[in-house]
Each structure stands twice: as C-alpha cells, then as structure tokens.
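> Before I ask anything, here is the structure I am working with.
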Amino acid sequence: MKIRQLHQLYTQNYLVDTDTRTIRKGSLFFALKGDNFDGNKFAEEALKKGAKYAIIDNPKFYKGTNTILVKDTLRTLQKLANYHRKDLDIPILSLTGSNGKTTTKELINVVLSKKFKTNATKGNLNNHIGVPLTLLSMTPETEIGIVEMGANHLNEIAFLCTIAEPNYGYITNFGKAHLEGFGSTEGVIKGKSELYDYLKKTNGIAFVNTDDAIQVKQASKLKTITFNATVIEYVEANPFVTVKYENTLIRSKLIGKYNYYNIASAVAIGKYFGVPVNDIKNAIENYTPTNNRSQIIEKGNFKIILDAYNANPSSMQAALENFNQLKAPAKIVFLGDMFELGNESIAAHQKIAELANSFSFSEVHLIGESFAKVSAKNAFVYKSFEDFKKQYKPLYTASTILIKGSRGMALERILDLL
C-alpha cells in the first residue's frame, strides 16, 4: 500500500496507536518492534480492542483486510508522519538541546496557545518514534506544531529534521549530556547543531540566545530572531524565577536561575508570533511543572525541590549553585548517578561531589554506583538506592531538600522515606 493510500485511512480518524493497552477506537495500530517485544504478535489484539487497521511487517500475523502488510512498520510510520506534515502545511517549530528541552517546549506551547491552536510533543516523546507520533497527533485544526527532538548520537537530529521538516528551530544550550554517544562536548555541539544545519539548507529561522557565544557562532549564516538578558531582564530566583519584559514583571512557578533562559525563549518566541505581552505573562505565570521536573513539594516540615527527571553535569551544577543561593536554615542534598557519560563518568561525578561539598549544606547524600567510586569525605555515599534505603535516617526534622538524579535512579522514591 502506498503512503498516500495509508494517509487516507489515517485521516478518517487521525488516530495512531502503538500500544495495545491504550488502543483508541478507529485508530491505526503500528506493530513496532523492540529489543524485548514484537508488536506483530499483538496486531490481532489491537483489532479486537477497536483499532480499525493494524500495520504489520511479518506476514505470519496477517489476519485479513484489516491488517496491512508493509516492509518495515517503523519506517512506514516515519514516512506517514512526513507525508502528513507536508499535507498539513503549517509552521513547525522544533527544539533540542542538552538541558531544559521539555520545560522550554511546555512554556512555548502554553504561550503560543494563547493565540493559536497548537499541538506539541507529549512528555518527552522526542525520538525516532516520538517525533512521528507527535506529527500524527496533529489535525487540520492545528495551526502551529511544536516538536521536541532528543538525541544521544550524531546524525539523529538530522534524521528527525527530515521527518518533521521544521520551519523554525531553537537550541536551549550545549552541555555535557549523552557524552557516551556523542564522544565529547564538541560532539554534542555538532550533533545538536544539526538542527541549525537543516534550517540553513531550507531557509528556515532560528531563535538564538545571543548571551551564549557558542549559539551565536553555530547560528552564523542563518536567519535568526535573537534575544538576551538585555531585552528580557532576569530579576530574581528566590526560589521562583521572575523576569521583566517591556516593563511587565512575569513571576513564574519555576525554580532556579537555570530556568531563566527557558522562560526568556518562550517570551521571545511568543513575541515573534504576535502573542500580546499580557497573554505571555498569563501563560507563563499559570504554568506549573510536573513529572518530577523542578517541582516544589511540602511534606511535613520538609520543603522539597524535586528535580529527578534527568541529570547531567551541566544541569547538576546549575541545580547545586541555585540551591546554595536559597535562604534556608538547614539544606540537604540527595544526588543520584548521571548516566550516559562514557569515559568522563568518574571525573564528572567527582567534580559534582566536590562542588556539593564546597557549599555549606547540612547533609550531602550521593547515591549510585558511579558516585560510590568518588572521593567524598564530607558526604554520605551509597552504592545503590537499596543501600541508601537501609541506611538513611533523617537528621533534621525541618529542612529544605534538593533531590536530583538521572531518570533511571528514580530518586522520587526518597519522598516515601521522609
């Protein structure tokens, strides 16, 4: 079946599913494969649960006219998404970066939705499967699409751009993330800048923070819309970030100065697309972070900053520096391992341990195999979360707490121990 014909079936309901646990009536079910599963085995179940068609790539599971056999289900999903993107013919803004992608995407979405019918990446569905699913969640009613792109190796962003074909782009920053795949910080810069490379070739526009010299260099010879701290003023982060734009104070519910540029980019992009300043203010002030991202939680006598969704050396340093600036009588830090750092892992964990110990925190707890290998005289160190769980006993009955680590560490479990 040609992609054009498959697209006609898709536009009957504009629904695509890949998980039989969440099948929607009338959807197209794509039988994707992974290291530990084969979606072809669930095609019949998907149809029984309400999917209109099941797209498979193994003839063994063909069950009649409602199953569509293709050479490769993943590649077919990607081609369908690209065909749909062309058919919609709407502005697509893509963003990537080492830190802050999802928060920035959410902020841009709430700002632009004040004027347009937007559709943005759900959660962090930002890879070779998530980007197609994001595009296929858009309908003829969508006026602007916002697509987050993640990558942990070279050529990944370039490939995602061929699917989403963005007209606009924004890179949050270049930091020490996914070094195992990119090989070095230089590799990170090259990999993330593939978004800029695509925009250069297609005459697209990049939003650029000119306070970042690397951004300015990478975006040279490219059409740009710029912003900086002179245009969008940083006011404070105590603990929530406040900015000032066109004599208007915007008081966010995001903690940490490191969120300043995430907010500033949303302001700049909103302004470019003609969103009134008061609407920008309203959108940002009413945005509340979720999913373990810079959340402030009150539990008994504890005030907790939960930032346990992701971590790399850049974001970890920013979180610690921000936490150090907060005014609180007793401050306790729980840090979990940072993943995908390759050969730089031990050195990076040592540097973070030393930074944490350089501040006058009441307690520093380091959790994970990598942190267990560092020298940290004034910290409590645990090889695993289970070891931490067995040994930890709160020393303070009232304190302010920072919890930060990579997603795989699931440090939000600490909340149950407080």
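The values are calculated or read from the model by the stated rules, or taken from the named source; none is laboratory data. From a predicted model like this one, the values you see are computed outputs, not experimental measurements. Virtual Cβ from ideal backbone geometry, glycine too; neighbours counted across all protein chains shown. For the accessible areas, the whole protein counts, side chains as well, though only heavy atoms, and no ligand, DNA or RNA atoms are used. Shrake-Rupley method; radii C 1.70, N 1.55, O 1.52, S 1.80 Å.
> Here is a list: Val333, Val374. Which entry is at pLDDT 95 or above and aliphatic (A, V, I, L, M)? Break it down stepwise before answering.
Details: Val374 fails: at pLDDT 95 or above.
Residue meeting the stated conditions: Val333.
> With (1) part of a strand (DSSP E or B); (2) over 29 Å from the mean Cα position of the chain (by Cα) as the list, and Ile55 as the residue in question, which single condition is left unmet?
It fails just one condition, (2).
> Go through the residues of the stretch 274-283 one by one and say whether even a single one is touching an Asp or Glu at 6+ places or on another chain (Cβ under 8 Å) and among the hydrophobic types (A, V, I, L, M, F, W, C).
Pass one, the stretch 274-283, residues touching an Asp or Glu at 6+ places or on another chain (Cβ under 8 Å): 277.
Next cut, among the hydrophobic types (A, V, I, L, M, F, W, C) only: 277.
Within the stretch 274-283, one or more residues are touching an Asp or Glu at 6+ places or on another chain (Cβ under 8 Å) and among the hydrophobic types (A, V, I, L, M, F, W, C).
> So, in the stretch 284-299, how many residues would count as being at pLDDT below 80, open to solvent by 40 Å² or more (accessible area, probe 1.4 Å) and of a type in the set (Ser, Thr, Tyr)?
1
> Could you count how many residues in the stretch 40-91 are touching a residue at least 24 places away in the same chain (Cβ under 8 Å) and closer than 17 Å to Lys2 by Cα?
Adding up the residues that qualify gives 22.
> Asn247 - would you say it is more than 20 Å from Asn155 (Cα to Cα), touching a strand residue (DSSP E or B) at 6+ places or on another chain (Cβ under 9 Å) and not small (Gly, Ala, Ser)?
Numbers: more than 20 Å from Asn155 (Cα to Cα): yes; touching a strand residue (DSSP E or B) at 6+ places or on another chain (Cβ under 9 Å): no; not small (Gly, Ala, Ser): yes.
When the stated conditions are applied, Asn247 does not pass them.
> How many of the residues making up the stretch 234-257 are open to solvent by 20 Å² or more (accessible area, probe 1.4 Å), within 30 Å of Ile403 (Cβ to Cβ) and either of a type in the set (A, V, I, L, M) or not in a loop (DSSP other than H, G, I, E, B) (or both)?
Qualifying residue count for the region: 8.
> Follow-up. Exactly one condition in (1) part of a loop (DSSP other than H, G, I, E, B); (2) more than 23 Å from Pro140 (Cβ to Cβ); (3) among the basic types (Lys, Arg) is false for Lys41; which is it?
(1)
> Could I ask something else about it? Within 21 Å of Ser294 (Cβ to Cβ), in contact (Cβ under 8 Å) with a residue 24 or more places away in the chain and open to solvent by 40 Å² or more (accessible area, probe 1.4 Å): is that true of Glu143 in this structure? Break it down into steps so the answer makes sense when it comes.
On the way: within 21 Å of Ser294 (Cβ to Cβ): no; in contact (Cβ under 8 Å) with a residue 24 or more places away in the chain: yes; open to solvent by 40 Å² or more (accessible area, probe 1.4 Å): yes.
No, not satisfied.
> I've got another one for you. Among the numbered criteria (1) in a strand (DSSP E or B); (2) of a type outside the set (Gly, Ala, Ser); (3) open to solvent by less than 10 Å² (accessible area, probe 1.4 Å), which one does Ile225 miss?
If we test Ile225 against (1) in a strand (DSSP E or B); (2) of a type outside the set (Gly, Ala, Ser); (3) open to solvent by less than 10 Å² (accessible area, probe 1.4 Å), just (3) comes out false.
> Could you count how many residues in the stretch 196-237 are in contact (Cβ under 8 Å) with a residue 12 or more places away in the chain and among the basic types (Lys, Arg)?
Matching residues across the stretch 196-237 total 3.
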